[in-house]
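J.: I am attaching a structure below and will ask some questions about it afterwards.
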Amino acid sequence: MSLIPDDKKELLTNEFKAKLENPVKILMFTQEIECRFCSDTRQLAQELAVLSDKIKFEVYDFVADASKAKEYGIDKIPALAIIGKKDYGVRIYGIPYGYELQTLIDAVINVSKGKTDLTDKTKKILAEVTAPVHIQVFVSLTCHHCPIAASIAHKLAIESDLVRTDVIDGSEFPQLAQKYAVMGVPKIIINEKTEFVGAFNEDLFAEYVLLGEY
């Protein structure tokens, strides 16, 4: 059974045709044993990839292809790495279904463009980042605010070579949700020390990224 409804596929086909500029690779890291949502994540990404000839889908085994996982900094599964002209550090951990399907769609489109619609103010703030920044955005599949925060975080990674962003479904990684005391979503953790909850506007989000350096 298809995970993406046929009417949604038609809309996405047209959206990708209009918005995708350069080829995009969706790299799937999986393991068929002891991974509850790996097969569904794989199916979902495959269904999305066939909607445009500019999207290429590749599958890697988390254990057998450990060197590939290390190359892309993948430390848990299921994982999706969205790669464009270069690796912008855009990652999704867990099945991007429900409201989170939009997070994957936005990531594919923005990575394809290699640029974003972030404001000049936000880009100016990002230009002040001088050290590596790791953003983790904890989401749930039923949170309608989460794709907004996730998309902004991914855009920050696309715009700055020093920023990488992991969007994580907290329900699939309960040990991480517990570690970071995720009581509400979206919850954002920056460099393990700065955190906030909610979908902030993009320039304030960028200010938090800058704060997370120190």
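J.: If the requirement is being over 18 Å from Lys9 (Cβ atoms), modelled with pLDDT of 95 or more and not assigned by TED's automatic domain parsing to the domain that holds Ser140, which of these qualifies: Val90, Val108? Can you show your working first?
T.: On the way: Val108 fails: over 18 Å from Lys9 (Cβ atoms).
Checking each option against the conditions leaves just Val90.
J.: Under 6 Å between Cβ atoms, at least 6 apart or on separate chains: pull out the pairs that start in region 160-177 with a residue that is in the same structural domain as Asp87 (by TED's automatic domain parsing) and end on any residue that is outside any strand (DSSP E or B) and crowded, with 24+ Cβ neighbours inside 10 Å.
T.: Hits for this filter: zero, empty list.
J.: Follow-up question, since we're still on this one. Tell me which helices (runs of 4 or more DSSP H) are completely within region 1-104 and hold 3 or more residues being free of Cβ contacts under 8 Å to residues at least 60 places away in the same chain and surrounded by 15 or more Cβ atoms within 10 Å (Cβ to Cβ), or say none if there are none. Working first, answer last.
T.: Details: elements: 6-19, 38-49, 66-71.
Those helices (runs of 4 or more DSSP H) span 38-49.
J.: If you check Gln178 against the conditions, is it more than 27 Å from Glu47 (Cβ to Cβ) and in a helix (DSSP H, G or I)? Can you show your working first?
T.: Working: more than 27 Å from Glu47 (Cβ to Cβ): yes; in a helix (DSSP H, G or I): yes.
So Gln178 passes the test.
J.: Could you list, in sequence order, the residues of region 133-150 that are under 17 Å from Ile95 (Cβ atoms) and in a helix (DSSP H, G or I)?
T.: Of everything in region 133-150, those that are under 17 Å from Ile95 (Cβ atoms) and in a helix (DSSP H, G or I) turn out to be Cys146, Pro147, Ala150.
J.: Could I ask something else about it? So how many residues does region 106-124 have that are surrounded by fewer than 22 Cβ atoms within 10 Å (Cβ to Cβ) and assigned to a helix (DSSP H, G or I)?
T.: Looking only at that region, the number is 8.
J.: Still on this structure, I have one more. If I filter region 120-135 for residues that are under 13 Å from the mean Cα position of the chain (by Cα) and assigned by TED's automatic domain parsing to the domain that holds Ile189, do I get at least one hit?
T.: Taking region 120-135 and keeping what is under 13 Å from the mean Cα position of the chain (by Cα), we get 134-135.
From what's left, assigned by TED's automatic domain parsing to the domain that holds Ile189: 134-135.
Checked region 120-135: at least one residue is under 13 Å from the mean Cα position of the chain (by Cα) and assigned by TED's automatic domain parsing to the domain that holds Ile189.
J.: Something else: Whether any residue in region 77-93 is within 16 Å of the chain's Cα centre (by Cα), of a type in the set (Gly, Ala, Ser) and over 18 Å from Phe173 (Cβ atoms) is what I want to check. Outline the logic, then answer.
T.: Of region 77-93, the ones within 16 Å of the chain's Cα centre (by Cα) are 77-84, 86-93.
Adding the requirement that they be of a type in the set (Gly, Ala, Ser) leaves 79, 81, 84, 89.
Applying the additional criterion that residues be over 18 Å from Phe173 (Cβ atoms) yields 84, 89.
Yes, some residue in region 77-93 is within 16 Å of the chain's Cα centre (by Cα), of a type in the set (Gly, Ala, Ser) and over 18 Å from Phe173 (Cβ atoms).
The values are calculated or read from the model by the stated rules, or taken from the named source; none is laboratory data. Everything numeric in this text was worked out from a predicted model, so none of it was measured. Counting neighbours? That spans all protein chains shown, and the Cβs are built from the backbone with ideal geometry, glycine included.
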